[in-house]
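Following: one structure in structure tokens, then a few remarks.
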């Protein structure tokens, strides 16, 4: 029979997911990272969560920094509550004992304090000091082994904090049950924080590097979506019903609307009508099946003004709770944070209709572009699993002609639908065209429709004229152009 490990929840957002459910109670962990990487904040965040559950914490420092300065720094963070100190937590310094009497005296002092405090969580800040002052690696390994043996016997979980280089596999790594590495890296001019569980004895964890940030609430970890949702949260069948796009004459071309729980991408250059199509899609939402606009370009107020100018009154839908609007500016974003915020909003509001205006916003947030395909695969699979019908946009570069830049063929292959919108030159007139390139498991009209943007949004006014849709002017849809991306 498989034994279930008892977990100590860190309650650090995202960290327990990476750890496979939390820290293993009674085990020992090294939290490793350069100064400024957030080790102390992370350890104290775990400690205060432990205290708030009525458990006792012993926090021991081997550093010269006073506890007053530590508390001053922590007091700016939401999790810090001074009332717990002295009640559920004891903060002590054993630097003098260590300097004057050595490692064995330190172990003896820690044993005494653990017994006296009845602590179920021990945090030792300054393991690097112990290693640097020891005569050899065996001393430190013996120290770690003796301390964790005593802690394990009393059911105490131990966190050793060290500022050793994250790439440095120290001798004590072989003694502990887990190693959590924190690192701060530069990508161009941008600073990125990433966490890795380098060791997790007897417990599954999510491998690789996971982004984290330090803000007012402390540390928040954003597990890589393709690791967290390697499989969607549930496996469902294929819905038979159709979902209106909000453009009635376009629905006629695709057998009554988009397949429910599908993901459809709209490509096209600026001004071709992608956002307007999305507004029509949002307008068809109801309080019973609400919609979410997740965008990177227009602020909520600008989006409402744009909709109003088209005769689409978005504000009443927002006030009724039929439409929700989330705007994230195209500045410095964290890829997996965007996905986390999106999925959290869908769950919170019971979203059934989603419009993502600008998949390029995810692309801009990726510091490792090579993982985008796996990221999008995990995201789209989860959106289908939670029964959300999704329309998203991808902006192509050129305004006219055939040499447009299309999304990667691998991205297109994982989508249920692909609609291309474009401008075409007809003599001295620029016309807008729209064509369904792909609609999985469905029949559709493959001809290029000419569209107009007017009161009410998009409407089809006929077929694209032969002149405007000639090979020299129309959008290229062949694989060579797609592969150019």
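At-a-glance table
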{"read-out": "Close pairs (6 angstrom Cβ cut-off, 6 or more residues apart or separate chains): closer than 16 Å to residue 275 by Cα in the stretch 299-321, surrounded by fewer than 12 Cβ atoms within 10 Å (Cβ to Cβ) anywhere", "value": "311/455"}
{"read-out": "The stretch 386-415 - residue that is over 18 Å from residue 357 (Cβ atoms) and modelled with pLDDT of 95 or more and, of those, surrounded by the fewest Cβ atoms within 10 Å (Cβ to Cβ)", "value": "387"}
{"read-out": "Among the candidates 229, 225, residue that is farther than 18 Å from residue 12 by Cα, in contact (Cβ under 8 Å) with a residue 24 or more places away in the chain and within 17 Å of the chain's Cα centre (by Cα)", "value": "229"}
{"read-out": "Residue that is surrounded by the fewest Cβ atoms within 10 Å (Cβ to Cβ), among those in the stretch 421-444 that are in contact with a helix residue (DSSP H, G or I) (Cβ under 9 Å, 6 or more places away or on another chain) and assigned to a strand (DSSP E or B)", "value": "437"}
{"read-out": "Helices (runs of 4 or more DSSP H) within the stretch 209-316 that include 1 or more residues closer than 18 Å to residue 356 by Cα", "value": "225-228, 274-283, 300-309"}
{"read-out": "Top-ranked residue of the stretch 157-181 - restricted to ones that are in a helix (DSSP H, G or I) and touching a helix residue (DSSP H, G or I) at 6+ places or on another chain (Cβ under 8 Å), ranked as modelled with the lowest pLDDT", "value": "171"}
{"read-out": "Residue within the stretch 32-42 that is touching a helix residue (DSSP H, G or I) at 6+ places or on another chain (Cβ under 8 Å), closer than 20 Å to residue 198 by Cα and in a loop (DSSP other than H, G, I, E, B) present", "value": "yes"}
{"read-out": "Residue within the stretch 329-342 that is without any contact (Cβ under 8 Å) to a residue 12 or more places away in the chain, exposed (fewer than 15 other Cβ atoms within 10 Å of the Cβ) and in a loop (DSSP other than H, G, I, E, B) present", "value": "yes"}
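For every residue, the table says whether it meets (1) surrounded by fewer than 16 Cβ atoms within 10 Å (Cβ to Cβ); (2) within 26 Å of residue 146 (Cα to Cα); (3) at pLDDT 95 or above.
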| residue | (1), (2), (3) |
| --- | --- |
| 2 | yes, no, no |
| 6 | yes, yes, no |
| 13 | no, no, yes |
| 35 | yes, no, no |
| 46 | no, yes, yes |
| 54 | yes, no, no |
| 64 | yes, yes, no |
| 69 | yes, no, no |
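The values are calculated or read from the model by the stated rules, or taken from the named source; none is laboratory data. In this text the structure is predicted, and so the values were computed from the model without any measurement. Because the Cβ atoms are built from the backbone with ideal geometry, glycine has one as well, and the counts that use them run over all protein chains shown.
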